[in-house]
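Working notes for the structure below.
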Amino acid sequence: MNTTIRKEEEKDHKQIYEVNKLAFQQENESKLIEKIRKSENFIPELSLVAEIDNRIVGHILFSKIKIIGDSDYESLALAPMAVIPEFQKRGIGSELIKKGIDKAKELGFESIIVLGHKEYYPKFGFQRASKWNIKCPFEVPDEVFMAIELTEKALEGKAGTVEYPDEFNEVE
C-alpha cells in the first residue's frame, strides 16, 4: 500500500472535510479547517494530505499561533490531524506528522504546539509544554498539552500562554 503525502489542492477540500468528519465523528474539525483556510494564519504548504490510490485517507494542518509572554512569539498549532477509521493504525498519521515537521522546519518555523494523546505525540519529540512554562489558554491536563522545538533552544525564554486564533473559538 503506497501512501503519498502532498500539499492539499483546492480540489481536495471536499475530501478533506469528509476525512475529518469520519475520523472525529463530527464536523467541528472540518469546519475549523475551512475557517483557518480563510484566515491569515493559514499556511498552504502546511496543509498536507495522505493519498492512497488517488483517495485522500488522511490530513494534517499546521497553522500560525502566538505564545504571549514577555513578548509575542510565533509558533504553529498542529490541529487537526485525521485519518479515516479504516486506515488508522497503519502509520499514516505518523507519516503526516513527520512530513509536516520537516516542512515546518524547511519554512523556518521554530516550534509546534499540540493538544493531543500523551502516548502518541512524544514519539515525534513532543514534550510537555510546561517544561518551557508554556500554558494552554484553557484547562487541560498537563501531559496532553505539548510542544516541540524545531531549532535548538527555540522555546527557551518564551514562557507564556498560547493564543489560538479566533477561528479555534468559533468552532464548538
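The values are calculated or read from the model by the stated rules, or taken from the named source; none is laboratory data. In this text the structure is predicted, and so the values were computed from the model without any measurement. A quick note on method: Cβ atoms are made from the backbone with ideal geometry, for glycine too, and the neighbour counts reach across all protein chains shown.
Below is a table of values for the structure above.
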item	result
Criterion violated by Phe138 - all others in (1) surrounded by 14 or more Cβ atoms within 10 Å (Cβ to Cβ); (2) in a loop (DSSP other than H, G, I, E, B); (3) hydrophobic (A, V, I, L, M, F, W, C) satisfied	(1)
Test: residue in the stretch 114-126 that is in a loop (DSSP other than H, G, I, E, B) and within 20 Å of Ile16 (Cβ to Cβ)	yes
Leading residue by the ranking (farthest from Gly108 (Cα to Cα)) among those in the stretch 63-79 that are surrounded by 17 or more Cβ atoms within 10 Å (Cβ to Cβ) and of a type in the set (D, E, K, R)	Lys66
For Ala82: the one exception among (1) of a type in the set (Gly, Ala, Ser); (2) crowded, with 19+ Cβ neighbours inside 10 Å; (3) over 30 Å from Phe138 (Cα atoms)	(3)
Filter result for the condition that a residue is at negative phi and exposed (fewer than 13 other Cβ atoms within 10 Å of the Cβ), over Glu34, Glu29, Glu9, Glu18	Glu9
Restricting the stretch 141-172 to residues that are polar (S, T, N, Q) and not in a helix (DSSP H, G or I), the residue that is surrounded by the fewest Cβ atoms within 10 Å (Cβ to Cβ)	Thr151
Residue match in the stretch 3-24 (condition: more than 16 Å from the chain's Cα centre (by Cα) and aliphatic (A, V, I, L, M))	yes
Any pair with Cβ under 6 angstrom, 6 or more apart, that starts in the stretch 1-30 at a residue that is in a helix (DSSP H, G or I) and ends at one that is among the basic types (Lys, Arg)	Ser30/Lys21
Residues being in contact with a Ser or Thr (Cβ under 7 Å, 6 or more places away or on another chain) and of a type in the set (D, E, K, R) - total across the stretch 67-86	0
Strands (runs of 3 or more DSSP E) enclosed by the stretch 38-107 - at least 2 residues per element that are within 15 Å of Lys7 (Cβ to Cβ) and out of contact with any Asp or Glu (no Cβ under 7 Å at 6 or more places or on another chain)	42-52, 55-69
Where a residue in the stretch 91-120 is modelled with pLDDT of 95 or more and its partner, wherever it lies, is among the polar types (S, T, N, Q) and surrounded by 15 or more Cβ atoms within 10 Å (Cβ to Cβ), with Cβ under 7 Å and at least six apart	Ile92/Thr3; Glu95/Thr3; Ser111/Ser75; Ile112/Ser75; Ile113/Ser75
